[in-house]
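The values are calculated or read from the model by the stated rules, or taken from the named source; none is laboratory data. Bear in mind that the values here come from a model prediction, so they are computed numbers and not experimental data. All Cβ positions, even for glycine, are placed from backbone atoms using ideal geometry, and neighbour counts span all protein chains on display.
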Amino acid sequence: MQTSIIRSTGSWVPEDVITNEELVASYNSYAERFNADNAAAIAAGEMAEVPLSSAEFIVNASGIERRHVVEKAGILNIDTLVPRIEPRPFEDVAFQAECAMKAVTPALDKAGIAGSEVDGVIVASSAQQRNFPGMACEIQDMIGSTGFSFDLTMACASALYGLHIANGMIKSGQAKRILVCSPEIMTCINVHSRRDVHFIFGDAASAILVESDEGREGGWEVLGTHCQNKYSIALRSDFGFLNEAERTVQPDHEPGLDQDGHKVFKDVVGFAPTVAKSLMQQIDLAPEDVRRTWLHQANIRMVDMIAKRILGRDRTPENAPAILQEYGNTSSSSVVINFEQHSEDMAAGENGVMCAFGAGYGVGAAAVRKR
Ligand code: COA
């Protein structure tokens, strides 16, 4: 059995930033216009009023203060409420693949590895811009790798599912070096006209380079990975390849993102720690031997509760750092960016646990030791 090492990570966030105040001002203008335009139907009880949002609610309920986004003006424009993305010329790679490269390039640079030395590329993200060719095929070609590549999706846990597969392949000797990248353009999935969800997501990309131990110093040994699912429809995105076909039957059909936030919160806070703890039991890693846990960033109270359940002690910014105040929920890239931004200070021999959770429900966990 080979030893699997996280050699490097890379990450990228777009420059455009939207504060809660800006987002709420735009949303509320949309809601007020909608309610005025439909005043008669609302008064007759034929249509529900669109409720107003509040920046104070958002920060108190979620901990999110701002988010980085690929295109601010389109999201804040109440006639569109989505980022403006130029359609691509036929021969160009997907916009999302270009976003991924902004995380892949620094990951390869930090590792001192040429793309041609990568055996496999896994794009692990919540959604793919194109069905085929897969984004992983595009990235593989851009970096000059000649091995295998494929896309996988498991919502906000995708990156750790990718790491789980990469770790298994490297341990078993099927590959020497695998790149797992997670370009998450969540503001294109989100529905900015729905009060329950309009503030949740930001955009980002991350990359993890995993390799077999060939005597190089440094990096993080992957002590183990574990993934588990429990089916739920409480968090669901209906965007997909059947949408146009469905509109032939129901022209006003508007697929979107929907969640029962309360239920997701309760279910995931119960489920996610059991998966991380199951991994820790499998590899005989006691909570007191874990210095830090890097958690998926969805809600600061979820971070508090899940950290406490995994670590068996109160959460502190040191033992379970938060980045959601700056980036919002950047889906599966969040756990990798969290790890990247909060791991430099750890000493050789210290252990940490990553845990990501999301729709499905799917939970991924990985335990690592600094070398
Ligand atoms: N602005 C102002 N008020 C709002 C609001 C908004 N944007 N959204 C909801 N409210 C109101 C509700 O109407 C409700 O009012 P009421 O008490 O008078 O009925 C109150 O605030 C509480 O609403 P609720 O939906 O219960 O809030 P919450 O405390 O559950 O917080 C979330 C909402 C979405 C922040 C929280 O449920 C959450 O983070 N859940 C997990 C979701 C998640 O992380 N998904 C991704 C997982 S990877």
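Here is how the numbers come out for the structure above:
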| item | result |
| --- | --- |
| Matching strands (runs of 3 or more DSSP E) fully within region 175-250 where at least 3 residues are touching a residue at least 40 places away in the same chain (Cβ under 8 Å) and more than 29 Å from Val118 (Cβ to Cβ) | 235-237 |
| Check on Val93, in contact (Cβ under 8 Å) with a residue 24 or more places away in the chain, under 22 Å from Val121 (Cβ atoms) and part of a loop (DSSP other than H, G, I, E, B) | yes |
| The one condition in (1) assigned to a helix (DSSP H, G or I); (2) in contact (Cβ under 8 Å) with a residue 60 or more places away in the chain; (3) crowded, with 24+ Cβ neighbours inside 10 Å; (4) of a type outside the set (S, T, N, Q) that Asp267 fails to fulfil | (3) |
| Qualifying residue in region 94-102 (condition: touching a Ser or Thr at 6+ places or on another chain (Cβ under 9 Å), among the polar types (S, T, N, Q) and under 19 Å from Asn190 (Cα atoms)) | yes |
| Residue satisfying all of: in region 26-60; touching a helix residue (DSSP H, G or I) at 6+ places or on another chain (Cβ under 8 Å) and closer than 24 Å to Leu324 by Cα; farthest from the ligand (Cβ to nearest atom) among these | Ser26 |
| Selection from region 270-295 of residues that are surrounded by fewer than 14 Cβ atoms within 10 Å (Cβ to Cβ) and within 14 Å of Glu350 (Cα to Cα) | Ala286, Glu288, Asp289 |
| Residue pairs meeting the criteria (Cβ under 6 Å; at least 6 apart or on separate chains; first touching a residue at least 40 places away in the same chain (Cβ under 8 Å) and of a type in the set (Phe, Trp, Tyr), in region 341-365; second surrounded by 24 or more Cβ atoms within 10 Å (Cβ to Cβ) and in a strand (DSSP E or B)) | Phe357/Val363 |
| Any chance Phe34 is at pLDDT below 95, of a type in the set (A, V, I, L, M, F, W, C) and over 30 Å from Ser212 (Cβ atoms) | no |
| Filter result for the condition that a residue is within 16 Å of the ligand (Cβ to nearest atom) and charged (D, E, K, R), over Asp258, Asp289, Asp314, Asp345 | Asp258 |
